[in-house]
1. Under a crude label model (7 Å from the Cα following the beta-carbon direction), how far is residue 140 from residue 85 in nanometres?
2. Quick check: pseudo-label points 7 Å beyond the Cα along Cα→Cβ at residue 57 and residue 109, how many nm apart are they?
Amino acid sequence: MGEPGESRRGPLKSAVPSNVVSPVRRCSRTACGRPAVATLTYVYADSTAVLGPLATYAEPHCYDLCAEHSERLTAPRGWEVVRLALDSGPPRPSGDDLEALANAVREAARPQERAAGAAQAPGDRDTHPMEVARRGHLRVLRSPDS
């Protein structure tokens, strides 16, 4: 024939140029290039089509759909469509989460306090008998034998 990469019709061309391929998952519908927002799975035993949030990774027996195609989805006659709530975006921290984080930061920044109401005599040990010294988050511990 000639050189490798050529056929009778001319040079072979890649079906999809490499600079067009993107890591974003796309809609599985033919000729639709929109980003996928939902995953469609068929449960043949129950005659059910389940449309839910975009799966963590693409599976061979599932179909990723864009927003438009997921809204217009219909199932074959006699089948039921179950629509699970779609994620509207990444989960945002709630007020409780932020308050718990602020409390943890305050607690970590608070200086080590002695036991409440107990004045320490010169011969008494620390409230943490194994801790000898501390630098930042690192601690020097006393051997349990001493």
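Computed from the coordinates by the stated procedures, all read-outs in this text should not be read as laboratory data. Predicted, not measured: the structure shown is a model, and the values here were computed from it. Quick reminder, even Gly has a Cβ in these numbers, built from the backbone with ideal geometry, and neighbours come from all protein chains shown.
1. Taking the simple label geometry, residue 140 and residue 85 are separated by 5.4 nm.
2. Going from the residue 57 label point to the residue 109 one covers 4.1 nm.
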